[in-house]
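Okay, so here's the structure we're looking at.
What follows is calculated from the coordinates using simple rules that are stated; it is not laboratory data. Nothing here was measured: the structure is a model prediction, and the numbers come from that model. FYI the Cβ positions are ideal-geometry reconstructions off the backbone, even for glycines, and counts take in every protein chain you see.
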Amino acid sequence: MKVTPLSIPDVLLIEPLILEDSRGFFFESFRADVFKSKTLLDISFVQDNHSKSSQGVFRGFHYQLPPHAQCKLTRVIQGEVLDIAVDIRKSSPTCGQYVAEILSSDNKKQLYIPKGFAHGFLTLSDTSEFLYKTTNFYHPDSERCILWNDKTFNIVWPKNVDIHLSSKDLMGSMFASSKIFP
């Protein structure tokens, strides 16, 4: 497994070791001892989530407030997405900045997103199936959403994709008025 800190170093790009031959491929999508030794993070994932989306569907920017905040480990098993993590930690020098990576079933890359980040992803292919592990259980009363097109972030969105949102995500807050992390 290769681990690369991104421009916001707390967000990590994970590239698993993939064994391929004429039969197909095999890789360990998650192994706790290797993850801990390569990332130096001592965390436990407690919930797996799986979503399927059509092209142009954006899910996010979601986060949960403490004490229910979540770290996430994301990956795509079908299709391609633009996966985005936004730093919402007031005390961070990168507060209000984001990192984005293309995750796909072809590249098999994963993104580790720590607590204190809002997260969202945009489906770029006809459909996608997106999986992610969390370090805390879903807690509806602690969930928050920041509006996808908040100008604070200056996100460069793909020009050839019409973005579709759920009614919940359409009602997201602006970053300036959101309750964020200390």
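Brief remarks on what is shown
- Taking the range 47-177 as the region of interest, the number of lysine pairs whose Cα atoms are within less than 20 Å, with members eight or more places apart or on different chains, is 17.
- In this structure the amide hydrogen of Arg89, modeled in the peptide plane, comes within under 5 Å of the amide hydrogens of Gly96, none closer than 5 places in sequence on its chain.
- Here the Karplus relation 6.51 cos²θ - 1.76 cosθ + 1.60, evaluated at θ = phi - 60°, turns the backbone of the range 165-173 into coupling constants of 10, 6, 4, 5, 6, 5, 9, x, 8 Hz, with x for every Gly and Pro.
- Loop-resident trypsin sites (Lys or Arg not before Pro) (DSSP state other than H, G, I, E or B) in the range 115-176 with no more than 14 further Cβ atoms inside 10 Å of their Cβ: Lys151, Lys159.
- The range 1-65 and the range 114-182 have Cα centres separated by 18 Å.
- Cα extents of the range 55-104 along the three principal axes, largest first (Å): 36, 23, 17
- Here the calculated FRET efficiency for Val46 and Val156, from their Cβ-Cβ distance with R0 = 35 Å, stands at 0.55, rounded to the nearest 0.05.
- DSSP-assigned coil residues among chymotrypsin sites (Phe, Trp or Tyr not before Pro) in the range 92-157, each with at most 15 further Cβ atoms within 10 Å: Phe137, Tyr138
- Binned Cα-Cα distances of the chain, short to long, each 10 Å bin given as a whole percent: 9, 38, 38, 13, 2, 0
- Cα extents of the range 1-72 along the three principal axes, largest first (Å): 45, 35, 27
- Gain on full stretching of the segment that runs from Ser22 to Ser7 - 0.36 nm per residue minus C-alpha separation: 1.7 nm
- Residue-wise HN-Hα coupling along the range 89-102, computed from phi with Karplus coefficients 6.51, -1.76, 1.60 (Hz; x: Gly, Pro): 8, 3, 7, 8, x, 9, 4, x, 9, 9, 10, 9, 9, 8
- MRE, 222 nm, helices only [DSSP H, n ≥ 4, -39500 (n - 2.57), over the chain, to nearest 500]: -1500 deg cm²/dmol
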